[in-house]
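To start, the structure under review is shown below, and the notes come after it.
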Amino acid sequence: MKYQSGYSRYKVKNVRVLQEQYVVDREGQKTAVIISIDEYEELLEDLHDLSIIAERRDEPTITFEDIKKGLKIEIVEMLAL
């Protein structure tokens, strides 16, 4: 699996290329894939992350500005202690 940016002017970080192997039947048809444990665990983590995103799709969002305001309030409150 290769990740690519649609914009060539941007640098792409964290590009991952799977080193998969295929199991084929007698007719040469691919029937299974072999990947390393590390790659498998990364794919499971990605799948988990995507499932969390899907679960939270309908939750209300918070703007970045509101988050910054909230953090400023927390810092002021902590300094007042």
**OP:** Scale the Cα Rg of segment 21-80 by the rule-of-thumb value 2.2 N^0.38 Å and send over the ratio, two decimals.
**Re:** 2.18
Subject >> Derived scalar couplings ³J(HN,Hα) [segment 27-36; Karplus, 6.51 cos²θ - 1.76 cosθ + 1.60; whole Hz; x for Gly, Pro] >> reply: 8, x, 7, 5, 10, 7, 10, 10, 10, 5
Subject >> Note, ³J(HN,Hα) from phi for segment 70-81, Karplus 6.51, -1.76, 1.60, rounded to Hz, x at Gly and Pro >> reply: x, 5, 4, 4, 4, 5, 4, 5, 5, 5, 6, 6
Subject >> Cα-centre dipole for segment 21-80 with unit charges at Cβ (Lys and Arg positive, Asp and Glu negative), debye to 20 >> reply: 200
**OP:** Would you kindly derive the ³J(HN,Hα) couplings of segment 50-62 from the backbone phi angles with the Karplus curve 6.51 cos²θ - 1.76 cosθ + 1.60 (θ = phi - 60°), listing them in order in whole Hz, with x for Gly and Pro?
**Re:** 5, 5, 5, 4, 5, 5, 9, 4, 9, 6, x, 9, 10
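Every number in this text was worked out from the coordinates using simple rules, so none of it is lab data. All figures in this text were calculated on a predicted structure; none of them were measured in a lab. Methodologically, a virtual Cβ is constructed for each residue, glycine included, from the backbone with ideal geometry; neighbour enumeration extends over all protein chains shown.
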